[in-house]
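A.B. asks: Take this structure, written in structure tokens, and hold onto it; I'll ask about it next.
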Amino acid sequence: MKLYFSPAYCSLAVHIALRASGQPFTLTRVDTVAARAEDGTDFRTINPRGYVPVLELDDGSRHTEVAALLQHVGDAAPDSGLMPPSGSRERFEVLQWLTFISSELHKSFSPWLFHQDTADSTRSAVKQKIRQRLRDLDDHLAARDWLAGGRFTVADAYAFTILRWAPMVGMSLGDFPRLPAYLGRIAALPAVHAALLAEGLVRA
Ligand SMILES: N[C@@H](CCC(=O)N[C@@H](CS)C(=O)NCC(=O)O)C(=O)O
């Protein structure tokens, strides 16, 4: 498999899942602004929508959408526990969290919402909505260490990736009692550390 990624973008979630799953993969870095992959390929020929992540399977097919890619990566390594088995209550919960993170959080951090031309009223309304959703997550973590299934799953990989963006829009996770420790728990996992290192987001 080959993952097209940009450092610290939402592709980090899939990168983490790939490492945690133990499956072989390669990385190709993309400059989404210049629409160019590191090997010089015009990225629009890889994904006409222009965004990462793109996961290329060994048969050459290319796929997008973080939540779907995470499910695929987890399902391809059933022993990893990243994606609980089909039909299980735990899987239902992981799917709920993937959808929540995708629809309630990920897109609320979109750069256009925080563009300098965006009205202050819009920015503050978006931040208020994000804060409510972070509170939901924080409350959920009061009784557990992981979002679902009692262990690290792809839902945590996605949450970690998106929560890391809060400071970039001027929001502190320090206002929430459990989120900083939750992120610390995830960052300490060897697969997560390796992904952060490979993307140049932490030092060795
Ligand atoms: N719907 C897509 C959205 C992916 C997305 O928003 N990617 C961002 C990075 S987090 C991106 O590459 N943006 C560059 C662009 O849209 O030009 C998904 O869920 O995977």
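Read-outs throughout are calculated quantities, based only on the coordinates presented, and are distinct from any laboratory measurement. Fair warning: this is a prediction, and the values are worked out from it, not measured in the lab. Reconstructed Cβ throughout: ideal geometry from the backbone, glycine too, with neighbour counts over all protein chains shown.
A.B. asks: Give the dimensionless ratio obtained when the Cα radius of gyration of segment 153-204 is divided by 2.2 N^0.38 Å.
C.D. replies: 1.13
A.B. asks: Of Ser121, Leu55, Leu95, which is farthest on the positive side of the dipole of the chain, counting Cα position, with +1 on Lys and Arg Cβ, -1 on Asp and Glu Cβ, and the Cα centre as origin?
C.D. replies: Ser121
A.B. asks: At 0.36 nm per residue, minus the direct Cα-Cα distance, what do Leu27 and Trp112 gain on full extension? Give it in nm, one decimal, please. If you can, show how the numbers build up before the last one.
C.D. replies: Values: separation 85, 0.36 × 85 = 30.60 nm, distance 2.72 nm.
In short, 27.9 nm is gained.
A.B. asks: Per the helix-only calculation at 222 nm, which mean residue ellipticity applies to the chain, given -39500 (n - 2.57) for every DSSP H run of n ≥ 4 and division by its residues, nearest 500 deg cm²/dmol? If you can, show how the numbers build up before the last one.
C.D. replies: Working: 7 runs with 82 residues, N = 204.
It comes out at -12500 deg cm²/dmol, rounded to the nearest 500.
A.B. asks: To continue, here is another question. When only C-alpha pairs under 8 Å and at least 6 residues apart count, what is the relative contact order of the chain, in percent?
C.D. replies: Result for the chain is 23 percent.
A.B. asks: For segment 8-72, what relative contact order do you get, as a whole percent, if you take Cα pairs closer than 8 Å and at least 6 residues apart?
C.D. replies: Taking the mean separation of contacting Cα pairs over the length of segment 8-72, I get 29 percent.
A.B. asks: For the chain, max minus min Cα coordinate along each principal axis, in Å, sorted largest first?
C.D. replies: Sorted largest first, the three principal extents are 45, 43, 36 Å.
A.B. asks: In addition: With the crude spin-label approximation of a point 7 Å out along Cα→Cβ, what separation in nm comes out for Arg89 versus Leu201?
C.D. replies: So the two model labels end up 3.2 nm from each other.
A.B. asks: Using Cα-Cα distances under 8 Å and only pairs 6 or more residues apart, what relative contact order does segment 89-189 have, in percent?
C.D. replies: It rounds to 34 percent for segment 89-189.
A.B. asks: So for Leu70, Leu197, fewest C-beta neighbours within 10 Å to most, what's the order?
C.D. replies: Leu197, Leu70
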